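In what follows, a structure is listed as structure tokens, so that the remarks can point back to it.
The values are calculated or read from the model by the stated rules, or taken from the named source; none is laboratory data. As the structure is a computational prediction, the values presented were derived from the model and not from experiment. Ideal geometry is used to build each Cβ from the backbone, glycine not excepted, and the neighbour counts take in all protein chains shown.
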Amino acid sequence: MFQHVMRPSVAQLQPSLIRQVANGAMGREDVIPLWFGEPDVPTPAFIREAAKAVLDEGNTFYQPNAGMPALRQAIADYMNGLYGTRIDMDRIVVTGSGMMGLMLAGQVVVADGDTIVTHVPTWPNLPSVQQILGAQVKRVPLTLVDERYTLDLDRLFDAVDSRTRALLINSPSNPTGWMLTDAEQQTILDYCRARGIWLIADEVYSRIIYDRPYAPTFADKITDEDRVLIVNSFSKAWAMTGWRLGWLTIPRGLLTTFEMLMEYNSACVLAATQLAGVVALREGEPFIRQSMARYKASLDLLLTCFADLPRVMCPVPQAAFYAFFNVAGVTDSLAFAQQMLAEANVGLAPGRAFGPEGEGYLRLCYAVEPALLETALDRLEPLLK
Ligand SMILES: Cc1ncc(COP(=O)(O)O)c(C=O)c1O
């Protein structure tokens, strides 16, 4: 009804197909929800306690736009300790979620009529942000060779045109679990430098990895001046999805710009949330290790089960906590996800939600107890046989 009086790029937005399956069944006790990307446990108690203490002290006030110095320093320390980098807090901006980090990064970089090049299938929010800001998104498909995803970098670079402002890279990727190697990251960075374009790197799954402490990161390859914006989040590794806390790593010299944008978007993040973030970074490593062991057990269970189902083809995810699998014969993944919900009481995300490239696929978030996943798989088996 209001379509013609809206900003055209907003009028074109489509509702999420994941929500289309989940709406109406969310919170139903008989449904096993594996549709969204979040751990099945609440945030660890030591993090919640830290937030409670801040609220009890009465710190409910506005905070600095770039984030509280204590958190910005803790983030810089965390990154430097993990990656061996030397990033200082002038290059860190606290955001009210990874999602907000993506929006702010886009607001800095993108103008009407620009093109942004990214890889697909993709979490739909990544291109949507760019579209809202008026950019056209060029989609380069991952290629599947021997049930393994790769990104053909020549194809990625070939999609860059004279209007391209940025490459948008999400590694490790939602939904595929694919990730770049260090060498590929270096090639991408060198290309962006030579071409004078931005790189927006979504690394929110950098700790959701099973064979090493962190996934290859652009953070240990960039200089202070590179036009690279790295988006990160507390949601996944620290099981803090509902808190809405993330951060951006930005080039030196852009802090004031981001402070202004934070001011005009939300001003700041609640102090209790930020100081809980400090505790998460400083004391959260055992929780991350435990979570990875748990998710790995669920992943192994899933792959063993899928191996017995000839209709199912699931490239082994290298990182993140999703299985993105094809089911032979399925041509309408939305209808199939709805059928799974109706007949098996298991909630999955339809592959088409991640772009036309994902049709025929389903995404399952396996960041749950192995026993629960086993029940879900038992219920799904008749539909997948
Ligand atoms: C690839 C990717 N980036 C960013 C986010 C945003 O996370 P949040 O806004 O919860 O920090 C998500 C969440 O699902 C994601 O999958």
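Pairs linking a residue in the stretch 218-242 that is free of Cβ contacts under 8 Å to residues at least 60 places away in the same chain and of a type in the set (A, V, I, L, M) to a residue that is in a loop (DSSP other than H, G, I, E, B) and buried (at least 19 other Cβ atoms within 10 Å of the Cβ), with Cβ atoms under 6 Å and 6 or more positions apart or on different chains, are Val228/Ile222; Ile230/Glu203; Ala237/Arg207. Residue count for the stretch 62-77 under the criterion of being away from the ligand (no atom under 16 Å from the Cβ) and either in contact with a helix residue (DSSP H, G or I) (Cβ under 6 Å, 6 or more places away or on another chain) or part of a helix (DSSP H, G or I) (or both): the result is 11.
You will find that of Val117, Val93, the residue that is within 16 Å of the ligand (Cβ to nearest atom) and either outside any helix (DSSP H, G or I) or modelled with pLDDT under 95 (or both) is Val93 and no other. Restrict the check to the stretch 362-382 and report whether at least one residue is assigned to a strand (DSSP E or B) and among the hydroxyl-bearing types (Ser, Thr, Tyr). Checking the stretch 362-382: not a single residue is assigned to a strand (DSSP E or B) and among the hydroxyl-bearing types (Ser, Thr, Tyr). Residue check: Trp178 meets all listed conditions (1) more than 21 Å from Gly358 (Cα to Cα); (2) within 15 Å of the ligand (Cβ to nearest atom) but one, namely (1). Here the condition is being basic (Lys, Arg) and more than 23 Å from Met100 (Cα to Cα); of Arg28, Arg19, it holds for Arg28 alone.
Filtering the stretch 35-56 for residues that are within 16 Å of the ligand (Cβ to nearest atom), outside the structural domain of Thr241 (by TED's automatic domain parsing), closer than 19 Å to Ala201 by Cα and out of contact with any His (no Cβ under 6 Å at 6 or more places or on another chain) leaves a non-empty set.
Pairs meeting the criteria (first residue in the stretch 359-379 and farther than 22 Å from Val330 by Cβ, second residue polar (S, T, N, Q), beta carbons under 8 Å, at least 6 apart or on different chains) are Ala367/Ser291; Ala367/Ser298; Val368/Ser298; Glu369/Ser298; Pro370/Ser298.
Considering only residues in the stretch 238-264 that are part of a helix (DSSP H, G or I) and either charged (D, E, K, R) or surrounded by fewer than 16 Cβ atoms within 10 Å (Cβ to Cβ) (or both), the one that is farthest from the ligand (Cβ to nearest atom) turns out to be Thr256. When the stretch 274-296 is filtered for residues that are free of Cβ contacts under 8 Å to residues at least 12 places away in the same chain and not in a helix (DSSP H, G or I), nothing remains. Within the stretch 1-49, take every residue that is under 15 Å from Ala376 (Cβ atoms) and of a type outside the set (A, V, I, L, M, F, W, C) and give me the one that is surrounded by the most Cβ atoms within 10 Å (Cβ to Cβ). So, considering only residues that are under 15 Å from Ala376 (Cβ atoms) and of a type outside the set (A, V, I, L, M, F, W, C), the one surrounded by the most Cβ atoms within 10 Å (Cβ to Cβ) is Pro33. Select from the stretch 304-319 the residues that are closer than 28 Å to Thr217 by Cα and either surrounded by 16 or more Cβ atoms within 10 Å (Cβ to Cβ) or not hydrophobic (A, V, I, L, M, F, W, C) (or both) and list them in ascending order. If the condition is that a residue be closer than 28 Å to Thr217 by Cα and either surrounded by 16 or more Cβ atoms within 10 Å (Cβ to Cβ) or not hydrophobic (A, V, I, L, M, F, W, C) (or both), then Cys314, Pro315, Pro317, Gln318, Ala319 are the ones that fit. A count restricted to the stretch 115-151 and to residues that are over 26 Å from Pro350 (Cβ atoms) and surrounded by fewer than 17 Cβ atoms within 10 Å (Cβ to Cβ) stands at 1.
None of Ala320, Ala328 is touching a residue at least 40 places away in the same chain (Cβ under 8 Å) and in the same structural domain as Asn23 (by TED's automatic domain parsing) except Ala320. Taking the numbered list (1) of a type in the set (Gly, Ala, Ser); (2) farther than 30 Å from Leu156 by Cα; (3) within 16 Å of the ligand (Cβ to nearest atom) in turn, Ala267 passes all entries but (3). Residues of the stretch 76-94 include none that is closer than 23 Å to Gly358 by Cα, of a type outside the set (Phe, Trp, Tyr) and surrounded by fewer than 20 Cβ atoms within 10 Å (Cβ to Cβ).
How many residues does the stretch 120-134 hold that are over 19 Å from the mean Cα position of the chain (by Cα) and either in a helix (DSSP H, G or I) or basic (Lys, Arg) (or both)? Going through the stretch 120-134 one residue at a time, the tally reaches 0.
Among the residues of the stretch 32-54, those that are among the hydrophobic types (A, V, I, L, M, F, W, C), under 19 Å from Glu283 (Cβ atoms) and not in a loop (DSSP other than H, G, I, E, B) comprise Ala45, Phe46, Ile47, Ala50, Ala51, Ala53, Val54.
If we keep just the residues of the stretch 199-217 that are surrounded by fewer than 24 Cβ atoms within 10 Å (Cβ to Cβ) and among the aromatic types (Phe, Trp, Tyr), which is farthest from the ligand (Cβ to nearest atom)? Only one residue fits best here, namely Tyr210. Six or more apart or on different chains, Cβ atoms under 6 Å: show the pairs whose first residue is in the stretch 176-200 and modelled with pLDDT of 95 or more and whose second is aromatic (Phe, Trp, Tyr) and buried (at least 23 other Cβ atoms within 10 Å of the Cβ). Short answer, once both residue conditions are applied: Thr176/Phe324; Gly177/Tyr322; Gln185/Phe218.
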